Amino acid sequence: MDNDLNLSIAQVIKKYGLFDNRARAKAFGQHFLCDGLLLKKIVSCALPLDDGDILEIGPGPCGLTRAILDFAEKRKIICIEKDQKLKPLHDNLLKYSGANLSFIYEDALKIGLNDLSVDKLTVISNLPYNVGTKILLHLLQDLDKVTSMVLMFQKEVADRICAIPGTKNYGRLSVISQVLCNCEKCFDVSNRAFFPPPDVQSSVIKLTPKINRPHDIKNLEKLTAICFQHRRKAIYTILKKAIPGFSQNILDSCGIEQNTRPEQISVNKFLNLSNLLFQ
Ligand code: SAH
């Protein structure tokens, strides 16, 4: 078996016929990055890499994996990939890289971070667009082991995750992400950087779990689901209709005025309100 590390990622894609079946590649949300400089730029957003292991979701042809290896040769790197067809390609990298690398062939949505036998984790991933938001919400469920997450999303989704109150992108995903993590945009990526190019633009963002984050956000999830169905209505009107026994006193004790709209309410105020409403 020849060493794929002597090939470019574009050559690896060709060698393994990854796009011989376009419909299949589409179903897996496969848009691959081949530009080595860009791949390094993504990994550098996770620096400094604290002690601990690295998790990559969806390694595909391993362009990003190779870039991770350049920065973290000695680390344990765990990759979760849903597409079994990529195994021969991964076996080649396992054989020749000499790295502490392992591949799990499974849907990332079915694996909890707590199931992995690791202590501390940095997550680095170019997420499949079709399930990007779902995978993020899944990762946010157990952050105890996570040091930071550098993730690529469709730009619109990244903008919603990082949005501040009072802007059009601010919504449920912003509140849930930001109550648990500090969320920052790193940079945008043109669709031309991918093979094949997707219809949308992308962004890399970094999420760092907050030290004092709430343990349970079920109430917050419930409240934001109710509120952001009507983002431009007054909060009082929404809650009066949705929650029996609701009164203005609760809003007063959270410092929220009656006619404030959900899109104007800060993350912390939403958290306080959810705890008071559903305690
Ligand atoms: N990291 C590579 C590939 C990104 S494309 C690069 O940057 O070039 C997204 C990858 O995620 C594909 O390899 C796809 O097969 C994989 N994938 C799609 N859905 C997945 C899921 N639910 N769980 C794990 N991997 C998935």
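Here are some notes:
- Summed over region 69-88, the residues that are within 10 Å of the ligand (Cβ to nearest atom) and not charged (D, E, K, R) give a count of 4.
- Among the residues making up region 103-133, those that are open to solvent by 20 Å² or more (accessible area, probe 1.4 Å), part of a loop (DSSP other than H, G, I, E, B) and more than 9 Å from the ligand (Cβ to nearest atom) are Ser117, Asp119, Lys120.
- In summary, Leu223 fulfils each of the numbered conditions (1) touching a residue at least 12 places away in the same chain (Cβ under 8 Å); (2) under 18 Å from the mean Cα position of the chain (by Cα) with the single exception of condition (2).
- When Phe187, Phe278 are screened for being at pLDDT below 95 and aromatic (Phe, Trp, Tyr), only Phe278 passes.
The values are calculated or read from the model by the stated rules, or taken from the named source; none is laboratory data. A quick note: this is a predicted structure, and the numbers were derived from the prediction, not measured. Glycine gets a Cβ as well: all are built from the backbone with ideal geometry, and neighbour counts include every protein chain shown. Accessible surface areas use protein heavy atoms only, side chains included; no ligands, DNA or RNA. Shrake-Rupley method; radii C 1.70, N 1.55, O 1.52, S 1.80 Å.
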